[in-house]
Amino acid sequence: MSAGSQTGGDLALALRDVEKDYGAVRVLEGASANFEPLRPHVIMGPSGAGKTTLLRLLAGLERPDAGEVMRGADVRLGMTFQEDRLCENLTATANIRLPHGYLPDELLERFLAEERAAMEACGLPVDARPVRELSGGQRRRVAILRCVLADANTLLFDEPLKGMDEKTVDAVMAFVGPLVAERTVLWATHDERELAFFENPVLWRVEDGHVSTC
Amino acid sequence: MARAGERGTEKDGRLRTWAARLACVAFWLVVWEFGARAIDARIILVGPLEVLARLAELATTGEFWASVGVSLGRIGVGFLAAVVAGTALAALASRATVVRELLAPVMGAMKAVPVASFVILVLLWVSSSYLSMVIALVMALPVVYANVLEGISQTDPKLLEMCDVFGVRGWDRVRLVYASEVLPYFRVAVTLALGLSWKAGIAAEVIGLPDFTIGEHLYDAKVYLDTPDLFAWTVAIVAVSVALEALVKRVMGRLMERWEARP
């Protein structure tokens, strides 16, 4: 069970003249962007500029008021939301494995070993506690691992490292970096230092309702 | 060290609470005993010692255990059917508004109609042997249905969005997300419905009088003005109810722990 990299197929991800309002607030106004597949894209912009809206549109969780959101037929999504969105009564391993659904015994054992190695690499305790008993930082790491260990070729991250201390960030990124290298990554942040985690990323800016490359 | 001290204090506190509870129960038992002696009329009131003696006597007979077994078995079947049907209907109702709206008046009526009316009505339809089964079902169904439906509707929509993004659908979504979110509601539903079913089932037996049941013995006690028997059977009903509730709570607690601890 390898974390789903894919080099072929229709992995297009784009917006064309997208408009999106929330009540009287216009968040995106004629936004267009074409996210090249299998590359890291870092999306920056001030708080409230529309980074989350952009990711939610691409994930299919919001519909544009006007314009078009295009997602290739072979896109398999994984996402780290701004909130952890974990099943509180399940263990960290059960949460991380959730996107895989039912796994037969042999695959389950193999994936469990993969999960445990990943958790140890990210400084997470491997035990039988439900995630409601974990700290905020630990829960965040579980949410990130659920995303990067999913069988997905396109990963959306919405400020995934927010609130994490530097040492934990380094440990997490040392593990996550190689895992996301061959996938399309959209990484929303307002911290410029996070650019350094990616090799040759495309830098996007969301501001005043528009999305543009820098 | 401080932890051990805290644990010790906690244990002392719990012991004191239990001691206080037992003292209160003992107080009322003494009042009951003295009351019975003061009235001195077995037909009106018998003391706890006599009740206990009668219960011990009954417990040595095969008929007592057969009656408890028959009542328990029939009411248990009705209760389990209600748990299965209530959960399935709640799942359906959460998917289709039309089902929810169609079921709303039925569940409302089941909750509002008095047990006695149901018993008489059901007696017209089924043999008295099945009466307690049907009544247990009728009592438990709306409780299970309402709680499970509430649990499903309280499932965090953000979790469902997460499932949409990761493509977790169908049975996997039920097994991994809904089950985990609904389980606490289900646990409350089962505990609540169990007590209701048991008491209503016995009441139905008293009216329907199926052979070899607790209800039949209660009725006999009333007809023959056998107050010690009436009290002894009542104590047996309460004891079974408390034991069942404790057993179900324990089993469900264990199951939940195991469910939560799955790797």
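The values are calculated or read from the model by the stated rules, or taken from the named source; none is laboratory data. None of these values were measured; they are calculated from a predicted model. Don't worry about glycine lacking a Cβ; one is built from the backbone with ideal geometry, like all the others, and counts go over all protein chains shown. Accessible surface areas use protein heavy atoms only, side chains included; no ligands, DNA or RNA. Shrake-Rupley method; radii C 1.70, N 1.55, O 1.52, S 1.80 Å.
Given charges of +1 on the Cβ of Lys and Arg and -1 on the Cβ of Asp and Glu, with all other atoms neutral, how large is the dipole of segment B:47-260 about its Cα centre, in debye to the nearest 20? Write out the running numbers ahead of the final one.
Details: 16 positive and 19 negative charges, 132 e Å.
For this selection, approximately 640 debye.
Okay, helix-only estimate at 222 nm for chain A: each DSSP H run of n ≥ 4 adds -39500 (n - 2.57), divide by all residues, round to 500 deg cm²/dmol; what do you get?
Working: 5 runs with 60 residues, N = 214.
Value at 222 nm, helices only, nearest 500: -8500 deg cm²/dmol.
Return the distance in nm (one decimal) between the two label points of a simple spin-label model at residue B:255 and residue B:188, each offset 7 Å from Cα along Cα→Cβ.
My value for the distance between the label points is 1.8 nm.
State the Kirkwood hydrodynamic radius of segment B:53-109 in Å, one decimal place, computed from all pairs of distinct Cα atoms. Don't skip to the end; give the middle numbers.
Numbers: mean 1/r = 0.0704 Å⁻¹.
Evaluated on segment B:53-109, it is 14.2 Å.
Roughly how large is the A-B contact in terms of buried accessible area, totalled over both chains, probe 1.4 Å, nearest 100 Å²? Don't skip to the end; give the middle numbers.
Details: alone 10210 and 16040 Å², together 24180 Å².
Counting both chains, the buried surface is close to 2100 Å².
Estimate the FRET efficiency between residue A:212 and residue B:60 by the formula 1/(1 + (r/R0)^6), using the beta-carbon distance for r and 60 Å for R0, to the nearest 0.05. Let's see the in-between values first.
Numbers: r = 89 Å, r/R0 = 1.49.
Approximately 0.10, to the nearest 0.05.
Pop a pseudo-label 7 angstrom from the Cα along the beta-carbon direction at both residue B:238 and residue B:129 and give the gap in nm to one decimal.
Here the answer is 3.3 nm between the modelled labels.
State the answer as a single residue: which of B:242, B:48, B:184 lies farthest towards the positive end of the charge dipole of segment B:47-260, with beta carbon charges of +1 for Lys and Arg and -1 for Asp and Glu, about the Cα centre.
The listed residue farthest towards the positive side: B:184.
Trypsin sites (Lys or Arg not before Pro), restricted to segment A:61-167: which are DSSP loop and have at most 12 other Cβ atoms within 10 Å? List each step's numbers first, then the result.
Values: sites: A:71, A:76, A:85, A:97, A:110, A:116, A:132, A:139, A:140, A:141, A:146, A:162, A:167; in loops: A:76, A:85, A:162.
Sparse-neighbourhood loop trypsin sites (Lys or Arg not before Pro): A:162.
Compare each residue of segment A:80-98 in its chain alone against the assembly with all protein chains, and report those whose accessible area goes down by 50 Å² or more; 1.4 Å probe, heavy atoms.
Residues passing the criterion (a loss of at least 50 Å², heavy atoms only) are A:85, A:87, A:89, A:90, A:98.
How would chain B be classified by its alpha-carbon gyration tensor: rounded, prolate or oblate, with rounded meaning a/c under 1.5 and the a/b versus b/c comparison settling the rest? Walk me through the numbers before you get to the answer.
Working: a/c = 2.75, a/b = 1.37, b/c = 2.00.
Oblate shape, in that a/c is at least 1.5 and b/c is the bigger or equal ratio.
Based on the alpha-carbon gyration tensor of segment B:1-93 and its eigenvalue square roots a ≥ b ≥ c, which shape applies: rounded if a/c is under 1.5, prolate if not and a/b is larger than b/c, or oblate?
Values: a/c = 2.46, a/b = 1.04, b/c = 2.36.
Because a/c hits 1.5 or more and a/b fails to exceed b/c, segment B:1-93 counts as oblate.
Heavy-atom accessible area per residue, segment B:100-217, 1.4 Å probe: how many Å²? Mind showing how you got there, number by number?
On the way: 5240 Å² over 118 residues.
On a per-residue basis, segment B:100-217 sits at 44 Å².
Once you wrap a convex hull around the alpha carbon atoms of segment A:21-62, what is its projected area averaged over all directions, in nm²? Write out the running numbers ahead of the final one.
On the way: hull surface 14.2 nm².
The Cα convex hull of segment A:21-62, projected and averaged over all directions, gives 3.5 nm².
Taking Cα pairs under 8 Å and at least six residues apart, what relative contact order does segment B:47-260 come out at, in percent?
Values: 227 pairs, mean separation 60.7, N = 214.
After rounding, I find 28 percent.
Could you compute the net charge surrounding residue B:54? Neighbours are other residues with a C-beta less than 10 Å from the C-beta of residue B:54; K and R count +1, D and E count -1. Please list the in-between numbers first.
On the way: positive: none; negative: B:50, B:57, B:226, B:229.
Result for the neighbourhood of residue B:54: -4.
Return the calculated 222 nm mean residue ellipticity for chain B, to the nearest 500 deg cm²/dmol, obtained by summing -39500 (n - 2.57) across DSSP H runs with n ≥ 4 and dividing by the residue count. Before the final figure, lay out each step's value.
Details: 11 runs with 222 residues, N = 263.
Mean residue ellipticity, 222 nm, calculated: -29000 deg cm²/dmol.
In terms of the Cα gyration tensor, with a ≥ b ≥ c the square roots of its eigenvalues, is the protein assembly as shown rounded because a/c is under 1.5, prolate because a/b exceeds b/c, or oblate? Spell out each step's value before the answer.
On the way: a/c = 3.22, a/b = 2.28, b/c = 1.41.
Prolate is the answer for the protein assembly as shown, as a/c is 1.5 or above and a/b outweighs b/c.
Exposed loop chymotrypsin sites (Phe, Trp or Tyr not before Pro) only (DSSP loop, at most 15 other Cβ atoms within 10 Å): please give the longest stretch of chain B free of them, not including the sites. List each step's numbers first, then the result.
Numbers: sites that count: B:212, B:224.
Between the exposed loop sites, the longest stretch runs B:1-211.
On the protein heavy atoms, probe 1.4 angstrom, tell me the percent of accessible surface of segment B:23-153 carried by carbon and sulfur. Please report the intermediate quantities before stating the final value.
Details: 5350 of 7220 Å².
Ligands and nucleic acids excluded, carbon and sulfur reach 74 percent.
Which value, in debye to the nearest 20, describes the size of the charge dipole of the protein assembly as shown about its Cα centre when Lys and Arg Cβ atoms bear +1, Asp and Glu Cβ atoms bear -1, and nothing else is charged?
On the way: 49 positive and 58 negative charges, 177 e Å.
It works out to roughly 860 debye.
Quote the Stokes-Einstein diffusion coefficient, in whole µm² s⁻¹, for chain A, based on the Kirkwood radius over alpha carbon pairs, a temperature of 25 °C and a viscosity of 0.890 mPa s.
Working: Rh = 17.8 Å.
After rounding, the answer is 138 µm²/s.
Please list, by residue number, everything in segment A:118-138 whose backbone N is under 13 Å from a paramagnetic label point 7 Å out along Cα→Cβ of residue A:103.
A:118-119
Residue farthest toward the positive end of the dipole of segment A:107-186, with Cβ of Lys/Arg at +1 and Asp/Glu at -1: which of A:154, A:130, A:179?
Among A:154, A:130, A:179, the one farthest towards the positive end of the dipole of segment A:107-186 is A:130.
Kindly identify residues of segment B:135-178 having a loss of at least 20 Å² in accessible area between the isolated chain and the assembly of all protein chains, probe radius 1.4 Å.
B:158, B:159, B:161, B:162, B:165, B:166, B:168, B:172, B:175, B:176
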